[in-house]
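What follows is a set of notes on a single structure, which appears directly below.
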Amino acid sequence: MQLYLPLERVCCINLNEVRRVLSEKKSSAVLGIPKLISMYPMLTVLSMFYYIFLRRRARSGTRGEIMNSRRAIESSNRILPLSVELVQHVKEVVDFSSQYGSENSLSYTMWNLSGLPNVYPSSGDFTQSAVFRTYGRWWEKCPGSSQPFRRIPRTFQSQDYVELIFEEAVYPTAIDVLETYHPGAIVRILACSANPYSQTPPSEVRWETLWAGDPGKVNILQARQFTPSIKQINFTTNLIRLELNSSLLEYYTELDAVLLHGVRDRLLPLHKPSMLDLEDDDKEDHSIEFFNEQFSGKTLTESTKNGYFEKLPYELIQLILSHLTIPDLCQLAQTCKLLHQHCYDPLQYVQLSLQPYWAGLNDASLEHLHARCALVQWLNLSWTGNRGSITMQGFSRFMQVCGFELVRLELACCHFLNETCLEVIAQMCPNLQELNLSSCDKLNTQAFCHIAKISGLRRLVVYRTKIEQTALLSILNFCLELQHLSLGSCVMVEDYDLVAGVIGAKCKKLRSLDLWRCKNITENGLAAIVAGCHLLEDLDLGWCPTLQSSSGCFVKLARKLPNLRKIFLTANRSVCDSDIEELARNCPRLFHVDILGTRMVSAVALQKLLQCCKELQLLDVSFCSQIDSRVVQELSVNFPNVAIKKSYTQ
């Protein structure tokens, strides 16, 4: 019997179709299969073409498309549960990148994700929710923001993360995230094989993506339960990580609770996995073995041909390769000797961001990069090395290789750092100008003293760290080139007035200063800053309750800082009309103003601010008791180029 398939069916053929066709030829037995293939070569060729097409589409598509392709392929693999499904709430929050709230309270902090829901199904701006520090793209435009790195893979879009522990390790069947305000920020959900309550060898720590998608903006006013279709994994877990990107949102996203559904016993597929399973493609960011294999490369034989690339100018090839991500560059190096030479050229690694590969990076990965990193100027290791994957010794060796040329070093949320690591940075990086230690809350207080040795620093971020007053004063006295300084949520500093006095006396070039939630700065400290730092453009005094408008500190600020572009007076109840009018009169270049929570500012003062500050783009008047929704609507109509924010509580 001859077999013919219509063209439209051949073009969408899958493994089940091939299996069905072959099952009809059982009488041919094993010896008859080659004959069948020889009779219908077009079927074999088109099947292979479709196979290649699917894999290329999986590699080139978005993460959401990759996961959707997986679900389409595995839809025929029905699952048989072997035990009752458990539903667990978060037991503990173990790590996160930022939070709106204070380190010493529960309002707007990540710890609100623990336990039962506090807000859901209500929606709106509630202090009992978990809220990250930023939203939208406003912060990227501020004078204090840093430039983005090149060569970031399109599949990595995460800006914040939070890691959650549950009571019992299970095979996950579903994840519920209760989003109560401005949903749509979640871009990735991961599961870890490590037991958070025991010491797991770094080589056995494995992260798997359960779900991934693009950042979005969900135009609903109600709270929602976000339950994406997740991937099966072959290990139990009680450590879940959410990664978020709030760049498209109109306001802060708020999360109330996370629920983990799972079973104790493994889910078994009733059918064998499809030949077109895309498992390998999902491991590109998370498998240590895959990552190190790409970095280590292989020996090329003498007979390897270079093709037509030999005819291209060296500079042109370098320009072409500059658009590849780091793993792609490592794979390309294995094709021929000419491209191997180009891919190992240190000029390709002047900017090196390893943050997208945090889950697969370890000491061996850094060792493989040594030969290429002699000219690195910008290095981003943020989020990497946790749970022992990068050691102090491995980091120190890497700094010895690439430290001399380093100008910028990003180490946000790197919990492997210790005092020795900062000492190595101070010794090996004499040209360093930018250092980011944001949320490195495991660093001991003595470690920060070494930063004072880096006299050329222009940007220092120690947000959410344990830096103390002694180390901070030493840094301010020796790092006289500072232009950008972030001290937000540094709760170990005892006397911010003393620190502010040194800032005003020593940091004459300062352009941005973050004092978010600095609890004890008074009008005396602020007066010292505005008297000495005339170049300030970006000043964050949010949640500094000891500053009182009655002292005239905000009026003096407005009169002495005419270059201000951003001013945060968030949650300062004493801000009044005279303060806003002085800002309108003296700071015409303002583009970002936050006066959330004041009770004494009227619509008339806001009208004057909007009229005088022609460049204003963002104005937050949430919880301003004299500014209701009607006033916001009228001002928005009269000033359509300004995003006027007014949060609500349902």
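The values are calculated or read from the model by the stated rules, or taken from the named source; none is laboratory data. Quantities reported herein were computed from a predicted structural model and do not represent experimental measurements. A quick note on method: Cβ atoms are made from the backbone with ideal geometry, for glycine too, and the neighbour counts reach across all protein chains shown. To get the accessible areas, we keep the full protein, side chains included, count just its heavy atoms, and leave off ligands, DNA and RNA. Shrake-Rupley method; radii C 1.70, N 1.55, O 1.52, S 1.80 Å.
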Item to check | Pairs beyond 30 Å (Cα-Cα), from Lys91/Lys231; Lys614/Lys646; Lys231/Lys337 | outcome: Lys231/Lys337
Checklist entry - Computed FRET efficiency, Cβ-Cβ of Ala505 and Ser146, R0 41 Å: what is it to the nearest 0.05? => result 0.95
Checklist entry - Rounded, prolate or oblate: which fits region 521-584 when a ≥ b ≥ c are the square roots of the eigenvalues of the alpha-carbon gyration tensor, with rounded for a/c under 1.5 and prolate only if a/b beats b/c? => result rounded
Checklist outcome for this item: Here FRET efficiency (C-beta to C-beta, Gln446 to Asp345, R₀ 35 Å, nearest 0.05) is 0.30
Checklist outcome for this item: Phi angles of region 541-553, converted by Karplus (6.51 cos²θ - 1.76 cosθ + 1.60, θ = phi - 60°) into ³J(HN,Hα) in whole Hz with x for Gly and Pro, give 10, x, 6, 10, x, 7, 7, 10, 4, 4, 7, x, 5
Checklist entry - What spacing in nm lies between the two simple spin-label points modelled at Ser107 and Asn477, each 7 Å away from Cα in the Cβ direction? => result 3.7 nm
Checklist outcome for this item: Full extension between Glu204 and Gln377 adds, at 0.36 nm per residue less the Cα distance, a length in nm of 59.0 nm
Checklist outcome for this item: With the 1.4 Å probe rolled over protein heavy atoms, region 493-650 has an accessible area per residue in Å² of 39 Å²
Checklist entry - Between Arg585 and Gln400, what length in nm is gained on full extension when 0.36 nm per residue of separation is reduced by their alpha carbon distance? => result 61.4 nm
Checklist outcome for this item: Heavy-atom accessible area of region 375-523 with neighbours in place, 1.4 angstrom probe: carbon+sulfur share in percent works out to 50 percent
Checklist entry - Which value in nm describes the separation of the simple spin-label points at Gln232 and Val491, placed 7 Å from the Cα toward the beta carbon? => result 4.4 nm
Checklist entry - Relative to the present Cα-Cα distance, how much length would full extension add between Lys217 and Val637 at 0.36 nm per residue of separation? => result 148.9 nm
Next on the checklist: Could you tell me the calculated FRET efficiency between Arg264 and Gln128, based on Cβ-Cβ distance and R0 = 30 angstrom, to the nearest 0.05?
Outcome noted: 0.40
Checklist outcome for this item: Quick tally, 1.4 Å probe accessible area for Ser474, Ser647, sorted with the most first, runs Ser474, Ser647
Item to check | Cα-projected label distance for Leu312 with Ser550, points at 7 Å along beta-carbon direction, nm | outcome: 7.1 nm
Checklist entry - Over region 477-517, what relative contact order in percent results from Cα pairs under 8 Å that are six or more residues apart? => result 66 percent
